[in-house]
Amino acid sequence: LCGDLKVQGPFPFSLLCLQVIKCKAAVMWEANKPFSIEEVEVAPPKAHEVRIKIVATGICRSDDHVVTGALVMPFPIILGHEAAGVVESVGQGVTSVKPGDKVIPLFVPQCGECNSCLSTKGNLCHKNDIGSGAGLMPDGTSRFTCKGKAIHHFIGTSTFTEYTVVHESAVAKIDSAAPLEKVCLIGCGFSTGYGAAVQTAKVEPGSTCVIFGLGGVGLSVVMGCKAAGASRIIAVDINSDKFAKAKELGATDCVNPKDFKKPIHEVLIEMTGHGVDYSFEVIGRTETMTAALACCQYNYGVSVIVGVPPAAQKISFDPMLLFTGRTWKGSVFGGWKSKDSVPKLVADYMKKKFVLDPLITHTLPFTKINEGFDLLRTGK
């Protein structure tokens, strides 16, 4: 570590000068434009920071929400938040990981000190950058430079780059035998969906569930509901091509709202007789959020918002929906305390307690990231 370092006498270790790394990154210069593959400079990690070589990263709809403006973040920015890699170097004071460790960056950090981290009821660490959208490291600066300009970070991770820097509270060491091209999904999609069912909703055996949206996160909710012992799992999507995969992962019924003239919540109430026990909105649309609330049992039904709400939109709904007893909840990263839970989820994957392969539809080289987003937007 080079800097203002004052050391007296002989010392039993070598001083390594951590250098700036030049590498490829997919930079988003402005909204609604393609990603631009650029050479960027990645600064060395400062105290309590970790520099990671990214090996594999998933594409998530939340990244696309930034592209379209539905999730407001500052530009230029390096997106990506679902990844796995290897620690390249660490800053002063880092104790939880070392160079060579396999790791997963955490877009929900776990500082271990704030009320959410100390509470058994929450997981959204106060040091997260989801709400503020500052796009910077905790010290208020960036580690990325491109063409002489500072580039913003994305929710403390920025994984669409060959190297990234994260705070120590935003990285988890995982099993050294884990296949990074699979377990990268535990960095967001799988954990978010699976946890929404087993951790946030706490789905019970024999219950009835409905999932709105069958992307990677929605399919992971299906898997969570099945693991929890739900007896009926209804999968809802306007793209019927998603239904075969949903059934493979545990859905018992598949419904396309386009096949009906009446509102989807009425269809689901008729299908179940009284509404579902648990509903999950995994799209990020206000219309489906209210439909998911309306379709759950009027007195004890629980509805969970998993999809990222669109910016600057409000929900209007009949308060009687809640007065009768329903519960409306939100779930970020599946309710998991990230630093504690991610290594355990990876261990469970290694023990074959759940599968990840069905969630991976395409594997592309990094330079084809724009093609990857085209596949996402076309529902493929």
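The values are calculated or read from the model by the stated rules, or taken from the named source; none is laboratory data. Just so we're clear, the structure is a prediction, and the values are computed from it rather than from any experiment. Note: ideal-geometry Cβ built from the backbone for every residue, glycine included; neighbour counts use all protein chains shown. Ligands, DNA and RNA are stripped out before the accessible areas are found, and what is left, the full protein with its side chains, is counted by its heavy atoms. Shrake-Rupley method; radii C 1.70, N 1.55, O 1.52, S 1.80 Å.
Report yes if residue 211 is open to solvent by 10 Å² or more (accessible area, probe 1.4 Å) and touching a residue at least 24 places away in the same chain (Cβ under 8 Å), otherwise no. No.
Does the range 92-115 include one or more residues that are among the small types (Gly, Ala, Ser), open to solvent by less than 30 Å² (accessible area, probe 1.4 Å) and not in a strand (DSSP E or B)? Walk me through it before giving the result.
First pass over the range 92-115, keeping only residues among the small types (Gly, Ala, Ser): 93, 96, 100, 112.
When the remaining residues are screened for being open to solvent by less than 30 Å² (accessible area, probe 1.4 Å), the result is none.
Within the range 92-115, none of the residues are among the small types (Gly, Ala, Ser), open to solvent by less than 30 Å² (accessible area, probe 1.4 Å) and not in a strand (DSSP E or B).
Go through (1) in a loop (DSSP other than H, G, I, E, B); (2) of a type outside the set (Lys, Arg); (3) open to solvent by less than 10 Å² (accessible area, probe 1.4 Å) one by one and return the number of the condition residue 87 breaks. Of everything listed in (1) in a loop (DSSP other than H, G, I, E, B); (2) of a type outside the set (Lys, Arg); (3) open to solvent by less than 10 Å² (accessible area, probe 1.4 Å), residue 87 misses just condition (1). Residue 201 meets all of the listed conditions (1) touching a helix residue (DSSP H, G or I) at 6+ places or on another chain (Cβ under 8 Å); (2) in contact (Cβ under 8 Å) with a residue 24 or more places away in the chain; (3) closer than 18 Å to residue 268 by Cβ but one, namely (1). The set of residues from the range 255-284 being out of contact with any helix residue (DSSP H, G or I) (no Cβ under 6 Å at 6 or more places or on another chain) and within 16 Å of residue 221 (Cβ to Cβ) comprises 255, 268, 276, 277, 283, 284.
Working only within the range 214-227, note down all residues that are over 17 Å from the mean Cα position of the chain (by Cα) and open to solvent by 20 Å² or more (accessible area, probe 1.4 Å). So that I can check it myself, show each step before the final result.
Of all residues in the range 214-227, those over 17 Å from the mean Cα position of the chain (by Cα) come to 225-227.
Passing the criteria: 226, 227.
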